[in-house]
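Report on one structure; see the data block that follows.
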Amino acid sequence: MLARIQELGVTLAPRLIEIRRHIHSHPELSGQEHQTAAYVAGVLAFCGIRATEGVGKTGVIGELKGSSNESRWLAIRTDMDALPIQERTNLEFASKNQGVMHACGHDIHTTVGLGTAMILSQLEEKLSGHVRFLFQPAEEIAQGARWMIADGVMKDVEAILGLHVFPTIPGGSVGIRHGALTAAADDLELIVMGESGHGARPHEAIDAIWIASQIITTLQQAISRTQNPLRPVVLTIGQISGGRASNVIADRVKLSGTVRSLHPETHEKLPAWIEQIVASVCQTYGAKYELNYKRGVPGVQNDPKLTQLLEAAALEALGRSQVQILPEPSLGAEDFSMYLEHAPGTMFRLGVGLKDQPNYPLHHPQFEVDESAIITGVVTLAYATWQYWKQN
Ligand SMILES: [Zn+2]
Ligand SMILES: [Zn+2]
């Protein structure tokens, strides 16, 4: 079966590159993936796969039935949205949409999803179980998975697979991670309220700028002194604003930031821990505050059994030298984790690094990929799916 999947991969490669370039030239922002969705549904229908649009707002699902009479599904999730970035590559198929770019490789993900569907639909011997392809919108704003789940895409799904491109892994290779892959990411908004006054008479005022700076410093120090160093927490205040004149003490400062953590127990305790620090600093210096702590997405925890299965499939399909076992997780976030609240799953990294060319990071206006990675992704996913239904 592996030889057949590889042969189909080679045959489909030119068509898949065409599809990828079309999607790359026509990027759409999160929640606005109308044309991409229609295009994806069109390709699925052409391959004889039942496609439904308007799932999770602008998402699409494709359903491929196996031979089983039971309603048992394996899901394969890819995402379709682009970023508000002006593309600065010199590719002939660069973005035609001003200020919008596929700089996170979701064009590759969507194409890999379609290619996997094409291969699995063309196998002479049917899969025993069913496969649901989730083409998710709005991953970049961490909303799409929620929308898809609310529309029932996880119904009867017993396992889910996903992938994300990675420029530091060479094209043709994949990265497998056992355990935690990405971090939980929450958002923080804080308003510190003091009392205005003359810049020369601080004792008659409550200086919100100085108190805000104390809060930032205390939080950073407290991470290193009160959090378990083996369970990392990263807190970044990315925005701060307040004050109106150089000689007027500010009465109001607004801060916002992101809070990343890997361990579920740490994640659970973070809001109360942060509030305690904010409250104690404010109380010490007489300020008031408003803290809005927003839970974002949990971390991606790869399921041990499915990761093992994926690793074995990748080793057989690609060879030992093309399979990296990733020693560390990332503190990036990924809303694939939302699906994992409904079924076990695993997400791998698809190498897209180019040879003899600079590799720009994800979300960079010059981000480019090695397109041969599409076939690597398709063969890995198709074979892992085959193996899943053979073994389960
Ligand atoms: Zn991204
Ligand atoms: Zn991404």
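Do we have ALA279 as free of Cβ contacts under 8 Å to residues at least 60 places away in the same chain and either within 16 Å of ligand 2 (Cβ to nearest atom) or outside the structural domain of GLU92 (by TED's automatic domain parsing) (or both) here?
Details: free of Cβ contacts under 8 Å to residues at least 60 places away in the same chain: yes; either within 16 Å of ligand 2 (Cβ to nearest atom) or outside the structural domain of GLU92 (by TED's automatic domain parsing) (or both): yes.
Spelling it out, ALA279 is indeed free of Cβ contacts under 8 Å to residues at least 60 places away in the same chain and either within 16 Å of ligand 2 (Cβ to nearest atom) or outside the structural domain of GLU92 (by TED's automatic domain parsing) (or both).
Within segment 137-158, take every residue that is surrounded by fewer than 23 Cβ atoms within 10 Å (Cβ to Cβ) and assigned to a helix (DSSP H, G or I) and give me the one that is farthest from ligand 2 (Cβ to nearest atom).
ALA150
Name the residues in segment 182-206 that are in a strand (DSSP E or B) and more than 30 Å from GLU334 (Cα to Cα), would you?
Within segment 182-206, VAL192, MET193, GLU195, GLY197, HIS198, ILE206 meet the criteria.
Quick check, is ILE169 hydrophobic (A, V, I, L, M, F, W, C) and in contact with a Phe, Trp or Tyr (Cβ under 9 Å, 6 or more places away or on another chain)? I'd like the intermediate steps shown before the answer.
Numbers: hydrophobic (A, V, I, L, M, F, W, C): yes; in contact with a Phe, Trp or Tyr (Cβ under 9 Å, 6 or more places away or on another chain): no.
Answer is no for this residue.
For segment 10-42, name all the residues that are under 14 Å from THR111 (Cα atoms), of a type in the set (S, T, N, Q) and surrounded by fewer than 21 Cβ atoms within 10 Å (Cβ to Cβ).
SER25
From the set of residues in segment 185-201 that are surrounded by 22 or more Cβ atoms within 10 Å (Cβ to Cβ) and among the small types (Gly, Ala, Ser), which is farthest from GLY299 (Cα to Cα)?
Per the criteria, the residue is GLY194.
In contact with a strand residue (DSSP E or B) (Cβ under 6 Å, 6 or more places away or on another chain), in contact (Cβ under 8 Å) with a residue 12 or more places away in the chain and in the same structural domain as PRO365 (by TED's automatic domain parsing), is that true of ASP79?
Spelling it out, ASP79 is indeed in contact with a strand residue (DSSP E or B) (Cβ under 6 Å, 6 or more places away or on another chain), in contact (Cβ under 8 Å) with a residue 12 or more places away in the chain and in the same structural domain as PRO365 (by TED's automatic domain parsing).
If PHE367 meets every condition in (1) outside the structural domain of LEU270 (by TED's automatic domain parsing); (2) away from ligand 1 (no atom under 16 Å from the Cβ); (3) aromatic (Phe, Trp, Tyr) apart from one, which number is that one?
Condition not satisfied by PHE367: (2).
Looking at (1) surrounded by 21 or more Cβ atoms within 10 Å (Cβ to Cβ); (2) within 16 Å of ligand 1 (Cβ to nearest atom); (3) of a type outside the set (Lys, Arg), find the lone condition where LEU161 falls short.
(2)
Looking only at segment 341-348, decide whether some residue is surrounded by 20 or more Cβ atoms within 10 Å (Cβ to Cβ), hydrophobic (A, V, I, L, M, F, W, C), within 16 Å of ligand 2 (Cβ to nearest atom) and more than 17 Å from the chain's Cα centre (by Cα).
no
What are the residues in segment 90-134 that are farther than 17 Å from TYR383 by Cβ, crowded, with 24+ Cβ neighbours inside 10 Å and away from ligand 1 (no atom under 16 Å from the Cβ), if any?
The answer is THR111, LEU134.
When segment 246-297 is examined, which residues are found to be aromatic (Phe, Trp, Tyr) and in contact with a strand residue (DSSP E or B) (Cβ under 7 Å, 6 or more places away or on another chain)?
TYR285, TYR289, TYR293
The values are calculated or read from the model by the stated rules, or taken from the named source; none is laboratory data. Computed from a predicted structure; not experimentally measured. In this analysis, Cβ positions are derived from the backbone assuming ideal geometry, glycine residues included, and neighbour counts consider all displayed protein chains.
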